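One structure below.
The values are calculated or read from the model by the stated rules, or taken from the named source; none is laboratory data. Just so we're clear, the structure is a prediction, and the values are computed from it rather than from any experiment. Please note: Cβ atoms are built from the backbone with ideal geometry, for glycine as well, and neighbour counts cover all protein chains shown.
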Amino acid sequence: MQRRNTNQRKIIYEIIKSTDIHPTADWIYEKAKMYIPNISLGTVYRNLKVLQEEGLILEITDGRQSRFDARTDRHYHFKCIKCDSIYDIDLDMLHISADLKHLTKKGFKINQINIDMEGICPKCSKGVNLEKNN
Ligand SMILES: [Zn+2]
Ligand SMILES: [Zn+2]
């Protein structure tokens with residue numbers, strides 16, 4: 001039983017790692033079924049939780065929907081409001097960390113920083129004129 005659970009978890013982890021679309025649990029479930037035909041959505045959720053606890057994946061949630069990310073180094077996300085895609089964004093943290101140092105000196109203890117970006121991705125903005133050119 002233990003071994004089977006470990007194998008399922010490994011497959012689920014590999015599925016998340018194989019994509020950069022930041023999939024939902026449903027998407028992962030559909031893929032997992034190709035390898036483990038009798039897997040249930042509940043099992044997928046359970047394994048996602050364990051993977052999170054092990055620090056192998058991150059959960060990204062906007063309050064409505066959870067997506068999962070096998071990239072756990074520091075990076076940020078841009079969410080397209082048109083196609084719902086999530087993109088990995090690397091920011092130059094140089095200025096931000098200087099500001100953070102000042103805050104720390106003032107006595108602020110920072111546990112977490114969230115930078116959420118939302119907008120329209122290059123794919124969706126292509127060919128779409130947001131401003132009317134008269
Ligand atoms: Zn888009
Ligand atoms: Zn990411």
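Among residues of region 63-94 being more than 16 Å from ligand 1 (Cβ to nearest atom) and of a type in the set (S, T, N, Q), the one that is nearest to residue 19 (Cα to Cα) is 72.
Scanning region 17-29 for residues that are without any contact (Cβ under 8 Å) to a residue 40 or more places away in the chain and either surrounded by fewer than 14 Cβ atoms within 10 Å (Cβ to Cβ) or polar (S, T, N, Q) (or both) yields 18, 19, 26. For region 30-71: of the residues being of a type in the set (Lys, Arg) and in contact (Cβ under 8 Å) with a residue 40 or more places away in the chain, which is farthest from ligand 2 (Cβ to nearest atom)? Per the criteria, the residue is 67.
Quick check on my filter: what residues within region 76-88 are β-branched (Val, Ile, Thr) and either surrounded by fewer than 12 Cβ atoms within 10 Å (Cβ to Cβ) or in the same structural domain as residue 17 (by TED's automatic domain parsing) (or both)?
Residue satisfying the conditions is 81 alone.
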